1. Name the residue, out of N171, N197, that is closer than 30 Å to Y68 by Cβ and out of contact with any Asp or Glu (no Cβ under 8 Å at 6 or more places or on another chain).
2. Return the total of residues in the stretch 129-165 being touching a residue at least 24 places away in the same chain (Cβ under 8 Å) and either among the aliphatic types (A, V, I, L, M) or closer than 27 Å to I110 by Cα (or both).
3. Which of (1) under 30 Å from P181 (Cβ atoms); (2) at pLDDT 90 or above; (3) loosely packed, with under 10 Cβ neighbours inside 10 Å does A214 not meet, given it meets every other one?
4. Which of (1) open to solvent by less than 80 Å² (accessible area, probe 1.4 Å); (2) in a helix (DSSP H, G or I); (3) of a type in the set (A, V, I, L, M, F, W, C) does F115 not meet, given it meets every other one?
5. Are any of the residues in the stretch 123-133 of a type in the set (D, E, K, R), within 20 Å of the chain's Cα centre (by Cα) and either surrounded by fewer than 11 Cβ atoms within 10 Å (Cβ to Cβ) or modelled with pLDDT under 95 (or both)?
6. Kindly list the number of the only condition in (1) part of a loop (DSSP other than H, G, I, E, B); (2) out of contact with any His (no Cβ under 9 Å at 6 or more places or on another chain) that fails for C202.
7. Which condition breaks for I161 when tested against (1) among the aliphatic types (A, V, I, L, M); (2) open to solvent by 90 Å² or more (accessible area, probe 1.4 Å); (3) in contact with a Ser or Thr (Cβ under 9 Å, 6 or more places away or on another chain)?
8. Of these, I36, I20, I11, which one is of a type in the set (A, V, I, L, M), open to solvent by 60 Å² or more (accessible area, probe 1.4 Å) and under 18 Å from Y140 (Cα atoms)?
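The values are calculated or read from the model by the stated rules, or taken from the named source; none is laboratory data. Quantities reported herein were computed from a predicted structural model and do not represent experimental measurements. Cβ placement follows ideal geometry from the backbone for every residue including glycine, while neighbour counts extend to all protein chains displayed. Quick note on the areas: whole protein, heavy atoms, side chains included, nothing else; ligands and nucleic acids left out. Shrake-Rupley method; radii C 1.70, N 1.55, O 1.52, S 1.80 Å.
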Amino acid sequence: KVGHYGMTPGIGRGAPEIDILEAMAGDPGKLPNTPIQRPYFSSSLQVAPGVEKNRPLLMHQPKLGHWYQGLQYGDPNTTSLNPFFYGVTLVHKPKEYTYQSDAISANTRIDESFFEKQNIYRVEWEPSTPGKNDGYIKWYVNGRFLFGINGENLNITSAKIPNEPMYLIMNTAVASSWGFPAPCPEGCDCSCFECGNSDCDCALPTGYCDNFPANFEIDYVRVWQAVDESKHQMGCSTKDRPTELFIKGHQDRYMEDGDTSPLQPIRVGGTTCDSDLDCGGSTRGFCSSNGVCECNKGYAGSTCLSNFGFDDHPYQEIDETLPVSMLSLPKGLVVAFVMIGMGFLITFMANVKKMRNDALDSFDDETSSLYSNRAPVTNRTGSPQQQKVVTYCMIDGRLIDK
């Protein structure tokens, strides 16, 4: 195995996807082979390699042994396996680059309040350990558990819970294949989709155009990660998944026509304005005498509505090797150095052993006091085991509005 462009041999970069929610509107009514009705939203993990043979048919439940087993669900009356999307075959050239991607997905029924009020969506993503099938992904809404995938659930394909860097994307997307009439209504060719156009609105869901104008409002996004956990890394190019050199060698793949580099400079103001309100208000920016937005420190974007982001843990490959030159020393001096070194090592080991015993005695005293009011945690064999305390910190808590 060869590690091209600085990558770890045998470990490349895939394209996993964790979908927090994808909403499906529509009128209530029984749907095939599922207890869930519209409206609902989907929570999914899209991962490869996928199931190659005897794949489940769309709108049917999978056959036992031919899909991922042991998936966790909260309330089975409101959350259930999604039988309407099991993944896609991603075709590439040459043919050997084509592969199957699976969508391991669950649908959760919702009501009108989800379209009218703020709700808190949460995903817990614990990356897998390299070489192991651990890790998990769990979805919640308003503190209620919905759906969970453990690493061992993926054994059918040897796929893993993602352990490579991913980015967050929040967007509004509308697709004719997602909640639109199917099959196409009689007398409508479904060649266009436009509200107010009698030749096109027949292809739209009933009442669809009554929703506009509409807003997709996100109050906040907060990301937490465990402190001192090597699996929780930040940045596009990390130590375990270095990609900086690969991107430099294939820049054209990451650019559009007219681009000179993959990463574009962050815009800081510049949009025409009439007042400070057009520039995020006085706290974020102001409208200059030239009629363009100028952002205050810490804010970015053409209208100063974004916090100025940064990577507080950038990964940089550092060459820690030092040149070594061979020295010629007298034999007697070498023997003296060896004797002194051995004496120092014996003394050092004795001191370390004493310190270790003292530390264990102190730890036993503190532990006895700390857990004196708690029942000991036991494993399956019945013997006591220590609890692992994990501390989480928010990524750049300064981005929270006061």
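1. After ruling out the rest, the residue left standing is N171.
2. Counting residues in the stretch 129-165 that are touching a residue at least 24 places away in the same chain (Cβ under 8 Å) and either among the aliphatic types (A, V, I, L, M) or closer than 27 Å to I110 by Cα (or both) gives 17.
3. All conditions pass for A214, except number (2).
4. Of (1) open to solvent by less than 80 Å² (accessible area, probe 1.4 Å); (2) in a helix (DSSP H, G or I); (3) of a type in the set (A, V, I, L, M, F, W, C), only one is false for F115: (1).
5. Yes, the stretch 123-133 has at least one match.
6. (1)
7. (2)
8. None of the other options fit; the residue is I20.
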